[in-house]
C-alpha cells in the first residue's frame, strides 16, 4: 500500500508540475484522436444519414455489417492498416507507417462505424418524428436527413464525443501502426503499457490519471449535451402546443 501511495504522490507531482514528457504525450494523443474523429465525422455522418433514407437493396445487410463493426477489435484494425501501409502493401508508397499519420488512419477506421451507426439511428428517429414537415416542403430524402443532422446538433456533438472517447482510450491499433516511438508516436495508452513494463510506475500512473480525466471530461460533456438536447426538445413541444 505504501508503494502505491508513493507512486500516486509522485504521479500527482508530475501532473501538477507539467512534466514535459507527460504533456508531450498527452498533446500527441489529443492531436491523433481529435484528427481521427474529424475525418470520421466527415464521412460517417453523411453515410449514416444516407443509410437512414436509402432504399438500396441489401440495406439490411449493410446495417448488420455496421453493427458487427461496432465490436471490431482495435488490434484487428491496426493489423489491417499495417498491411495496407507496409512497404509491400498497396499504400506502401505513402511512406507513413510508424508516423502519427498512420495512427490517425487507424483510429479513423476504428471510430468510423461508431459515428455512422449512431448517426443512422439519430436520423432515422428524427425523420420518424418530424420528417413529414420537411418532405411536405419539397425537400428530398437525403436533404431531409442532412437537415435533421443540423437540427439535432447537440445529439451530433454527443456522437462525436463518444467517438473521441473510443479513440483516445484504445491502445492496440496505434501500437501496431505507430510503433510507440518516443517523441514521435508515443501516446497516452501506449506509454502507459511501456512505462509499466519498464517499472516506471509513477509516470504510468500519471498518464493514467490524465486519461481518466479526459474520459471524465468527455462524459461530462456528453451529459451536458444531452441535457441541452432534452431542453430544446421540451421547448419545441411547448412552442407547438402553444
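Rank 55, 107, 13 by mean-square fluctuation in a GNM of the chain with C-alpha springs under 10 angstrom and give only the top-ranked residue. Looking only at 55, 107, 13, the largest GNM fluctuation is found for 55. Once the mean of 1/r is taken over each pair of separate Cα atoms and inverted, the chain shows a Kirkwood hydrodynamic radius of 19.9 Å.
With both labels modelled 7 Å from their Cα along Cα-to-Cβ, the residue 43 to residue 182 distance reads 3.6 nm. Relative to the dominant Cα principal axis of the chain, helix 141-151 is inclined by about 60°.
Peptides 142-151, 111-120, ordered by how many other C-beta atoms sit within 10 Å of their residues on average, highest first, read 111-120, 142-151. Let's test the formula: R0 of 41 Å, r as the Cβ-Cβ distance of residue 24 and residue 55. What FRET efficiency results, to the nearest 0.05? Step by step, r from the Cβ atoms, then E = 0.25. For the chain, modelled as a GNM whose springs connect Cα atoms under 10 angstrom apart, the maximal fluctuation among 29, 191, 93 occurs at 93. Largest mean-square fluctuation among 197, 35, 126, in a Gaussian network model of the chain whose springs join Cα atoms under 10 Å apart, belongs to 197. Could you work out how far helix 201-241 tilts from the main Cα principal axis of the chain, as a 0 to 90 degree angle to the nearest 10? Approximately 10 degrees, to the nearest ten. Helical runs assigned H by DSSP (4 residues or longer) give the chain a calculated mean residue ellipticity at 222 nm of -27500 deg cm²/dmol, each run adding -39500 (n - 2.57) before division by the residue total. Placing a pseudo-label 7 Å from each Cα along the Cα-to-Cβ vector at residue 151 and residue 76 gives an inter-label distance of 3.6 nm. Determine, from the Cβ-Cβ distance of residue 219 and residue 62 and an R0 of 30 Å, the FRET efficiency 1/(1 + (r/R0)^6), rounded to the nearest 0.05. Between residue 219 and residue 62 the formula returns 0.50. With the cut-off at under 19 Å, measuring from each backbone N in the range 1-43 to a point 7 Å along the Cα-to-Cβ line of residue 212 picks out 1-19, 22-23, 26.
All of the numbers you see were taken from the coordinates with simple rules; none came from a lab. Keep in mind that this is a model prediction, so the values were computed, not measured. Methodologically, a virtual Cβ is constructed for each residue, glycine included, from the backbone with ideal geometry; neighbour enumeration extends over all protein chains shown.
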